[in-house]
Amino acid sequence: MTNQTISIAIFFVLGVGFWMIALAVSYLARPSKPTKFKETSYECGIEPSGSAWYQVHVRYYIYALLFVLFDVEVAFLYPWAVIFRRIDGGQMLLFSELAIFVLILVFGLVYAWRKGALEWE
Amino acid sequence: MHTILHATVFGVLALATLGGAVKVISTRSIIHAAFWLFPVFAGIAGFYLYLDAQFLAAMQVLIYIGAILVLIVFAVTLTRNATSTDEAQTNGLFIPVLLAALVLVYALGTTVFNHLWPIESNVWLDAVPLSAAVPGVMVTDVSALGLVLLSQYLLPFEIASVLLLAAMVGAIVLARKERTPAATAGVAAVEAAPADVRELSNV
Amino acid sequence: MDALRNLAHIIWYFIAAHEVLRSFVVAVCSLVFMLVIVLIAIWMERKVSADIQNRIGPIRTGGLLGFVLQSMADALKLLLKEDLRPAGADKWPFVVAPYLVFVPAFLVYLILPFSATWVPQDLKIGILFYSAVSAVPALGIAMAGWSSNNKWSLLGGLRAAAQLISYELPLGLAILAVVLLYGTLEMKGIVAAQWQHWWMDLITLPALLIFLVAGMAEVSRAPFDLPEAESELVAGFNTEYSGMRFATFFLAEFSASFFISALAVTLFVGGWSLWGVDIWFAQHVLHMDPSTWNLAAPASIPFIMKAFWFFVFLAKSFVVLWILMWLKWTMPRLRIDQVLNFGWKILLPAALLNLLLVSGIGAVLPRLSKPLTATQDVAPIHIDDSVGLAPVAQTPPPLPPLRDDVPAPGTP
């Protein structure tokens, strides 16, 4: 473990701990008189009909799927971007290596677009 | 003294990872199974940080928690009974899965025990940077990763993009039906349905 | 007894290690900073919105001290409110979700360079830490929306998650343009490079625009506030939250708004620096000698300059925050399909194009002076010549690392 790791850990613990304490203080200070009507979920004032846990449309899933793939692409780009201006010479080669990588994925984006996967409907 | 501290950190991370994993397979509601993946992924990111592999840790959070876990949650909301706890827990594939798991354990085990790790056991407990243990073998630096990725491992790097493309095309083909007359008829049927049914199916 | 001694050892280890104590103090300071900023931002939001709508805004609490007392009153009210949970809610995800939103909002302050040498922790992965940590709230919001067992919450949560992940891509690509130009992920290095070469900010102007638009969507501010579109979804994913749990989301949103402004300033507008004017001022008005300043040795820079830079940073950040508020209160809300279309069909291709453009410019610009292996304490990696990359020098020349350079007075 280095100092940097310990810093991250301290920030994390402090963030969680502080908010736990804030909630605990609130727990001691606030009133708590739940009634049946306070505990119903809000549906514009009328009694809720049925559970809210229904099947949702597939379109959210498609966006998430495309996001995973592009996220991995962006992850690959970070090491490339860091060294791009740090090495001596070979920039055109580095540039073309990346251009091929990006173009293949742009092809995928165009495919998704043409197939209507980016349409909300 | 250090050993206790390191053992505590390791124990907490291992508990989060393995405990979460056990809950993933034992909880009965699949949306909870998806949520329990969070401590698993976060614990693994914690291990990477603990080993001073910051780039890997960031990637673990960025991709596994930020992307794949969200994808899994969306996938679960597609199912009919995401919160139902009376679905069957097993699907009769116990033997094949056990075999597959054993093969995986064997493969990982042979790698772990046969690979010549560049550090003596317990060296890391005293917070020696991995890179200092054996010079020139391990570098936990993003620029070093970029260098090898774009020279030595250029071909795998480019193949990765083809792999991503294949995954994208496959996903679109599977998840998205072409607008055939039959599909359009299905939409028309939905639109002709009573309003409350339509509302639920068009969320 | 043995366990007790071990415990004492562990505590002693923490206190004795100077660095650990420093980290803790810095973490507490960052937390206080975040809370104060949120108090100010809330008051500012009320005043700016009132101004735009031709009202006066809150005046009953505090008068001139309103920016402290009004927000304090708001916070106190939330603290004392009853905390309700719908009977049908999924208990544990409902309780955990606010943490997944709040903790990342606080964690990101770890890498923010407040002034030349005032960075809570200048991580090796720097800006990538922000990209990673800010990806978590999407899950927290989806979890909050799902577990509330409310139709509005579920819709809001799913929309929010879809929007957040869609705009993360252009945001990341805009950040990549900066990383590429300055060749480092470390925040100190990125600002120092802009301090040295102010004109490089001009190259990243298109990236700044992309960053701001994507950033507004990331913090769900109008015109991208449809996760909590009041007129359609009641309050979106936080409909069923009340009291302090609601405050979590509220606080995280305001903190994130400030942070995205501060990050835009840090990455694209020179951060704490004044593009060399500060050097001129220090030299000719304050009669200091900037040539002795060294960012790697904090003691070499006078405290007054660091404090000055801190205020420059705050001023710039609040100007950007004010622009975001101005946009928020003058724009109508978009529809979800418009938001996603814009993100995927316009902003993402634009960000990719911008990255290619910046890398083209970066290929023409002179190399960065810092040799690749200068900071590594190991033998350099051998690069296969046949691939075409120039081999890294076996013994790097003793050039000073870029980010520690101090511009000589009078040179751009």
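The values are calculated or read from the model by the stated rules, or taken from the named source; none is laboratory data. Keep in mind the model is a prediction, meaning the values are calculated, not measured. Heads up, the Cβs are rebuilt from the backbone with ideal geometry, glycines too, and the neighbour counts pull from every protein chain shown.
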What number of residues in the range C:60-94 are loosely packed, with under 15 Cβ neighbours inside 10 Å and not aliphatic (A, V, I, L, M)? 6
In the range A:49-91, what residues are more than 7 Å from chain B (Cβ to nearest Cβ) and out of contact with any helix residue (DSSP H, G or I) (no Cβ under 7 Å at 6 or more places or on another chain)? A:49, A:50, A:51, A:59, A:87, A:88, A:89, A:90
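Taking residue C:153, is it touching a Pro at 6+ places or on another chain (Cβ under 7 Å), closer than 30 Å to residue C:88 by Cβ and either outside the structural domain of residue C:266 (by TED's automatic domain parsing) or at pLDDT below 85 (or both)? Talk me through it step by step, then tell me what you get.
Numbers: touching a Pro at 6+ places or on another chain (Cβ under 7 Å): no; closer than 30 Å to residue C:88 by Cβ: yes; either outside the structural domain of residue C:266 (by TED's automatic domain parsing) or at pLDDT below 85 (or both): yes.
Considered against the rule, which asks whether it is touching a Pro at 6+ places or on another chain (Cβ under 7 Å), closer than 30 Å to residue C:88 by Cβ and either outside the structural domain of residue C:266 (by TED's automatic domain parsing) or at pLDDT below 85 (or both), residue C:153 comes out as no.
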Only one of A:21, A:46 is within 24 Å of residue C:104 (Cα to Cα), loosely packed, with under 12 Cβ neighbours inside 10 Å and more than 7 Å from chain C (Cβ to nearest Cβ); which? A:21
Being of a type in the set (S, T, N, Q), away from chain B (no Cβ under 12 Å) and surrounded by 24 or more Cβ atoms within 10 Å (Cβ to Cβ) is the filter here; which residues of the range C:95-154 pass it? C:148, C:150, C:153
Could you tell me whether the range C:168-187 includes any residue that is in contact with a helix residue (DSSP H, G or I) (Cβ under 9 Å, 6 or more places away or on another chain), farther than 20 Å from residue A:87 by Cα and modelled with pLDDT under 90? yes
Across the range C:99-126, what is the number of residues that are modelled with pLDDT under 90 and assigned to a helix (DSSP H, G or I)? 0
One residue from C:31, C:65, C:21 being outside any loop (DSSP other than H, G, I, E, B), outside the structural domain of residue C:118 (by TED's automatic domain parsing) and under 25 Å from residue C:221 (Cβ atoms): C:31
